[in-house]
Amino acid sequence: MKAVLASHNPGKLKEMQLWLEPLGIELVLESDLGINIEVEEIGRTFEENSLLKAATVARATKMLAIADDSGLCVEALNGEPGIRTARYGGEGLDDKGRYELLLENMKGESNRNAKFVSVVTCVFPNADIVSARGELHGAIGYNPIGTGGFGYDPVFIVTNMRKTLAQMTMKERQSCSHRAAAIRSLAGKLEAYKNQKKEEGIEWN
């Protein structure tokens, strides 16, 4: 079965394809189909935005569409930046500017608990929905450490690893990431969905 990823990110495509290929899903980008759909993320949760993106692309392509929405949630900031993670502080800031703003807003806070969240949603042409959530728990450091990764990685200390995401190898980041957890969970749910449809006499194609 061919599916379209509601994204323009080849790296995200590669990561998801590793888990979905064993299920017989061939994942392609919107650009591979000659389309470019920009979905306004007006949802109030990761779940709502993930579904919104997948449903929009599924309707436009008449194909299985897969989308994810992810972000950083900080306890002391009441869950911020949350769904605004990529836009935190406005469009004028780059990755460094955003994590510096986060550190500034965390000054004087003793509660550094935070988590990365990813929600991945599949919308089938028949409007069936399969969704999964993954989380990575950690804490916000006091200073950026490490040069790898991107975004908030230099200030996010992974609980079990005791180092920032930016200090990890790519293999380490991928093994513990919130998106990887969501995709693993999604793969299991899709396998169950596939078996259910088979029992109903509907072939996966």
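The values are calculated or read from the model by the stated rules, or taken from the named source; none is laboratory data. Remember, predicted model here, so these are calculated numbers, not experimental data. In this analysis, Cβ positions are derived from the backbone assuming ideal geometry, glycine residues included, and neighbour counts consider all displayed protein chains. Ligands, DNA and RNA are excluded from the accessible area calculation, which covers all protein heavy atoms including side chains. Shrake-Rupley method; radii C 1.70, N 1.55, O 1.52, S 1.80 Å.
Odds and ends about this structure:
- Relative contact order %, segment 52-93, counting alpha carbon pairs below 8 Å whose residues are six or more apart: 24
- Helix 10-20 axis, angle to the chain major axis (alpha carbon atoms, nearest 10°): 60
- GLU200-LYS62 pseudo-label distance in nm [points 7 Å out on the Cα-to-Cβ vector]: 2.0
- Residue-count net charge about ARG98 - beta-carbon cut-off 13 Å; Lys, Arg +1, Asp, Glu -1: -4
- Other residues within the sphere of radius under 14 Å centred on the Cβ of LEU20, judged by their own Cβ, net out at +2 (K and R +1, D and E -1).
- Note that segment 6-67 presents 54 Å² accessible area per residue, ligands and nucleic acids not counted, probe 1.4 Å.
- With the helix formula -39500 (n - 2.57) applied to DSSP H stretches of n ≥ 4, the chain reaches a computed 222 nm mean residue ellipticity of -10500 deg cm²/dmol.
- A crude spin-label estimate for the pair GLN17 and ILE35, with each label 7 Å from Cα along the Cβ direction, gives 1.9 nm.
- Over segment 100-205, relative contact order from alpha-carbon pairs under 8 Å, at least 6 apart, %: 24
- For the peptides 61-67, 146-152, the ranking by packing is 61-67, 146-152, with the highest mean count of neighbouring Cβ atoms within 10 Å listed first.
- Between segment 1-68 and segment 93-165, the alpha-carbon center distance in angstrom: 21
- Using a cut-off of 22 Å between Cα atoms, the listed pairs LYS14/LYS163; LYS2/LYS171; LYS12/LYS189 include LYS14/LYS163; LYS2/LYS171 as exceeding that distance.
- Contact order relative to length of the chain, as percent, for alpha carbon pairs under 8 angstrom and 6 or more apart: 18
- Difference of contour (0.36 nm per residue) and Cα-Cα distance, TYR142 to THR45: 32.2 nm
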